[in-house]
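Read the structure below first, then the notes.
The values are calculated or read from the model by the stated rules, or taken from the named source; none is laboratory data. Source: prediction; values computed, not measured. Don't worry about glycine lacking a Cβ; one is built from the backbone with ideal geometry, like all the others, and counts go over all protein chains shown.
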Amino acid sequence: MSFCIAVDGPAGAGKSTIAKLVAKKMNLIYVDTGAMYRAMAYYLISQNTDLANGQEISEKCQGADIRIVYENGEQVVILNGENVNPYLRTEEVGNAASVSSANGSVRAKLVELQQRMAEDTDLIMDGRDIGTCVLPKAQLKIYLTASSRVRALRRYHELVAKGQACNLEEIEADIIDRDYRDMNREISPLKQAADAVLLDTSDMTIEEVVGKIISLAEERK
């Protein structure tokens, strides 16, 4: 039986960073479901999809073949045969993913793939509904969060480091708006699973968070 860790939480909580480090230290496969949803959003954008039209999203998403492979130890997201990693972290794609991920057809297509991966692979998977919907039987569930201000500051520093002009207040407003959409969507809203461990990382270092998750995982093995 495979050993699975589910990590959920709002945008900017550090889920991907933390999950990648835990995966390396515990020799687990890291599955970034957010990247899969972003790849779907990128595909929908490239197909000039009207994101306000649910029926159009449902129809066009069927043309996307998304899978995750590892090349030289790095995760690569493949969309219809193409490495789309360079396009997945833009603000446009992130906002489109928040909208399209609420579509039932999009979620059904990706959840099936994610569950199949977890059947025979020791892994850590992060997203918005991993512990509640995708991997409800995961041996360890973590709900990772931080204040909206802390998450906005992290994003601000990340963009500044890349030389991009940005506004902290606008970033925080966007994060608060995305939180509301994620938590109030009709299908699989973001929420803490009843048996998940809550970790607020606002005042924790990355090393402290990673250490805590590994400790919890070892207790459950």
Inset, instruction - Return yes when Arg116 is assigned by TED's automatic domain parsing to the domain that holds Asp65, at negative phi, modelled with pLDDT under 95 and of a type in the set (Lys, Arg) and no when it is not. - result: yes
Inset, instruction - Keeping to the stretch 111-146, report how many residues are closer than 24 Å to Val69 by Cβ and among the polar types (S, T, N, Q). - result: 3
Legend entry - Filtered residues of the stretch 102-138 (kept if touching a strand residue (DSSP E or B) at 6+ places or on another chain (Cβ under 9 Å) and part of a loop (DSSP other than H, G, I, E, B)): Thr121, Asp122, Arg128, Asp129, Leu135, Pro136, Lys137, Ala138
Inset, instruction - Inspect the stretch 204-216 for any residue being surrounded by 16 or more Cβ atoms within 10 Å (Cβ to Cβ), within 19 Å of the chain's Cα centre (by Cα) and not aliphatic (A, V, I, L, M) and give the result as yes or no. - result: no
Legend entry - Residue list for the stretch 9-50, restricted to those being buried (at least 24 other Cβ atoms within 10 Å of the Cβ), within 18 Å of Ser215 (Cα to Cα) and not hydrophobic (A, V, I, L, M, F, W, C): Lys15
Legend entry - Members of the stretch 137-178 that are under 17 Å from Lys191 (Cβ atoms) and at pLDDT below 95: Arg178
Inset, instruction - Taking only the stretch 171-190 into account, find how many residues are free of Cβ contacts under 8 Å to residues at least 60 places away in the same chain and touching a helix residue (DSSP H, G or I) at 6+ places or on another chain (Cβ under 8 Å). - result: 3
Inset, instruction - Might you check whether a residue that is among the hydrophobic types (A, V, I, L, M, F, W, C) and more than 14 Å from Ser105 (Cβ to Cβ) occurs anywhere in the stretch 42-53? - result: yes
Inset, instruction - Could you please let me know if Ala152 is over 14 Å from Lys15 (Cα atoms), assigned to a helix (DSSP H, G or I), of a type outside the set (D, E, K, R) and in contact with an Asp or Glu (Cβ under 9 Å, 6 or more places away or on another chain)? - result: yes
Inset, instruction - Determine whether the stretch 156-171 contains at least one residue that is crowded, with 20+ Cβ neighbours inside 10 Å, charged (D, E, K, R) and assigned by TED's automatic domain parsing to the domain that holds Met1. - result: no
Inset, instruction - Considering only the stretch 181-202, state which residues are assigned to a helix (DSSP H, G or I) and surrounded by 12 or more Cβ atoms within 10 Å (Cβ to Cβ). - result: Arg181, Asp182, Met183
Inset, instruction - Would you mention how many residues in the stretch 56-88 are under 30 Å from Ala173 (Cβ atoms) and surrounded by fewer than 13 Cβ atoms within 10 Å (Cβ to Cβ)? - result: 1
Inset, instruction - Residue by residue through the stretch 27-68, note down the ones that are closer than 17 Å to Met125 by Cα, part of a loop (DSSP other than H, G, I, E, B) and in contact with a strand residue (DSSP E or B) (Cβ under 7 Å, 6 or more places away or on another chain). - result: Leu28
Inset, instruction - For the stretch 203-221, enumerate the residues that are in contact with a strand residue (DSSP E or B) (Cβ under 8 Å, 6 or more places away or on another chain) and either free of Cβ contacts under 8 Å to residues at least 40 places away in the same chain or in a loop (DSSP other than H, G, I, E, B) (or both). - result: Lys212
